[in-house]
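Here the structure comes first, spelled out in structure tokens, and everything after it is commentary.
The values are calculated or read from the model by the stated rules, or taken from the named source; none is laboratory data. Worth saying up front: this structure is predicted, and the values here are computed from it rather than measured. Reconstructed Cβ throughout: ideal geometry from the backbone, glycine too, with neighbour counts over all protein chains shown.
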Amino acid sequence: MNFSKFPPLSQVLPSKDKIPEHLVSKKYKHWRWRMFIGMYIGYTIFYFTRKNISPALPLISEKLDIDIIQLGILSSVFYVVYGIGKFISGLLADRANIRMFMAIGLFLASLIHLFIGFLDSLYLIVFFWGLNGAFQSMGFPPIAKGLVHWFSPRERATKWTILSSSHTAGTFGIGLLVAGIINLYNKGVVGWEAVFYVPGIIGCLTAIFLFITLRDRPVSLGLPPIEDHKNERPIVELIEKSKSHWELLKKHIFTNKYIWLLSLANMFIYIIRFGTLDWATIFLYDIKGIDQVQVAIFWTLMPLAGIPGGIVAGYLADKFWNGRCVPINVIYLVLLTFSIVVFYFYSGPNNIILTGVFLLLIGFLIDGPQNLISGVQASRVTVKQAISAACGMTGFFGYVGATFSGIGLAYITESFGWMAMYGVCALSSVLCLILVLMTYKKEKGHS
């Protein structure tokens, strides 16, 4: 199978162009910081062109006369296309230039925003929002590749989880931006379409920034591979260097049982992530009777709690387990299961502090396994030449879980009640824990 090489894989520079030994550390320090900051800003802005629709849904629904079912279709189409696209982008990104792949994806996603707000046909809006999902899927696979090539195994968990906080920063940032735009719309300063074209303009400018700032692998700049520079061996080494890319994927992705285990684990963590976040507002307001303002505050703070949750998990994995993820994932998932159960039984207006504490705990505890399972841990059970594909596969299963958390949990709640819904979330946490534990020996053998 011949996978497209556009944008092309950067070539290893000839020996005469390699950086002199005494300059390697200085150049590595410069480019590692530059790559990390560029990827962080880039993925934050990807979320500006992905989550801008969420806080503006009431306004969009009113202006376009779209009902809740049609809004659900809009959301579902995006998730399905994004999930499939992330898998395909993962396959392509391993053979692509990080800079070009990420910059082009953001530019095309942003370009859609410059005119989608002016469409008045639901079918066209659904089509182009689905197309946006395809371009959005080009965001994380090149980042996964960049993290593996620029950061060594023993430091990767910390760097990965810090960079993964960019999606929360992007969600929070676009929420503030859209709130400001809606405020200006209410004053008659801008049209409602600004919720699309303002993020679109920001995205186009950021795509140019990515093209200027990012590079591909260290060897494309005359630097040695990160494992040589840090004097660490690759966790999983590629022996058959002459194999085709398809043969590499077949051996190290599609028939790699550990990638399948982590993909299923990621599916369960996404059921919990979207299930507890998306349904918490209705549960707390309609069922528990908590004030709407307090519910809105809790909903805003819950994903923010995930930022330190993910970073702490990555730091502890590097600090105490040499980058291995299973031990800290097990700790987080045990606490997460307990928090879900306590939240269901004891949340309410009479226990408002307890409600807030356990809702924040759920947010804190979800981001650790979510970031580690689909990224860091996947990078530890396959070769670095296939890491984007590994993240694409785990990401695809994640969005299978996200889709189930909408349609599936809605049916379960409607048919069996809220205890069943939160029971599914708790069970998902237990199943995720079991799947993660099944990769323990693999990780331990390569620590």
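The table below gives the values:
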| read-out | value |
| --- | --- |
| Subset of segment 258-295 that is β-branched (Val, Ile, Thr), under 21 Å from Phe364 (Cα atoms) and touching a helix residue (DSSP H, G or I) at 6+ places or on another chain (Cβ under 6 Å) - its residue that is surrounded by the fewest Cβ atoms within 10 Å (Cβ to Cβ) | Thr281 |
| Test: residue in segment 305-313 that is closer than 22 Å to Met438 by Cα and assigned by TED's automatic domain parsing to the domain that holds Phe404 | yes |
| Condition met for Glu247 (touching an Asp or Glu at 6+ places or on another chain (Cβ under 8 Å) and surrounded by fewer than 17 Cβ atoms within 10 Å (Cβ to Cβ)) | yes |
| Failed criterion for Glu414 (all others in (1) free of Cβ contacts under 8 Å to residues at least 40 places away in the same chain; (2) in contact with a helix residue (DSSP H, G or I) (Cβ under 6 Å, 6 or more places away or on another chain); (3) among the acidic types (Asp, Glu) hold) | (2) |
| Any chance Val312 is modelled with pLDDT of 90 or more and either crowded, with 23+ Cβ neighbours inside 10 Å or more than 22 Å from the chain's Cα centre (by Cα) (or both) | no |
| Number of the condition not met by Trp160 [criteria: (1) of a type outside the set (Asp, Glu); (2) touching a Leu at 6+ places or on another chain (Cβ under 7 Å); (3) surrounded by fewer than 21 Cβ atoms within 10 Å (Cβ to Cβ); (4) under 30 Å from Arg380 (Cβ atoms)] | (3) |
| Per-region count, segment 424-447, residues touching a residue at least 40 places away in the same chain (Cβ under 8 Å) and assigned to a helix (DSSP H, G or I) | 16 |
| Check on Gly323, surrounded by 23 or more Cβ atoms within 10 Å (Cβ to Cβ) and part of a helix (DSSP H, G or I) | no |
| Hits in segment 70-117 - residues which are over 17 Å from Ile53 (Cα atoms) and either assigned by TED's automatic domain parsing to the domain that holds Cys391 or not in a helix (DSSP H, G or I) (or both) | Asp94, Arg95, Ala96, Asn97 |
| Residue within segment 48-64 that is at pLDDT 90 or above and either part of a helix (DSSP H, G or I) or aromatic (Phe, Trp, Tyr) (or both) present | yes |
| Residue in segment 185-207 that is among the β-branched types (Val, Ile, Thr) and under 19 Å from the mean Cα position of the chain (by Cα) present | yes |
| Residue in segment 66-73 that is at pLDDT below 95, among the hydrophobic types (A, V, I, L, M, F, W, C) and within 24 Å of the chain's Cα centre (by Cα) present | yes |
| Condition met for Gly188 (in contact (Cβ under 8 Å) with a residue 60 or more places away in the chain, surrounded by fewer than 21 Cβ atoms within 10 Å (Cβ to Cβ) and not assigned by TED's automatic domain parsing to the domain that holds Arg324) | no |
| Identity of the residue in segment 191-212, hydrophobic (A, V, I, L, M, F, W, C) and closer than 17 Å to Gly117 by Cα, that ends up surrounded by the fewest Cβ atoms within 10 Å (Cβ to Cβ) | Ile201 |
| Some residue of segment 341-349 being crowded, with 16+ Cβ neighbours inside 10 Å, part of a helix (DSSP H, G or I) and either without any contact (Cβ under 8 Å) to a residue 12 or more places away in the chain or among the small types (Gly, Ala, Ser) (or both) | no |
| Residue in segment 185-208 that is in contact with a Cys (Cβ under 6 Å, 6 or more places away or on another chain) and either modelled with pLDDT of 85 or more or of a type in the set (Gly, Ala, Ser) (or both) present | no |
| Number of the condition not met by Met138 [criteria: (1) over 25 Å from Leu91 (Cα atoms); (2) not in a helix (DSSP H, G or I)] | (1) |
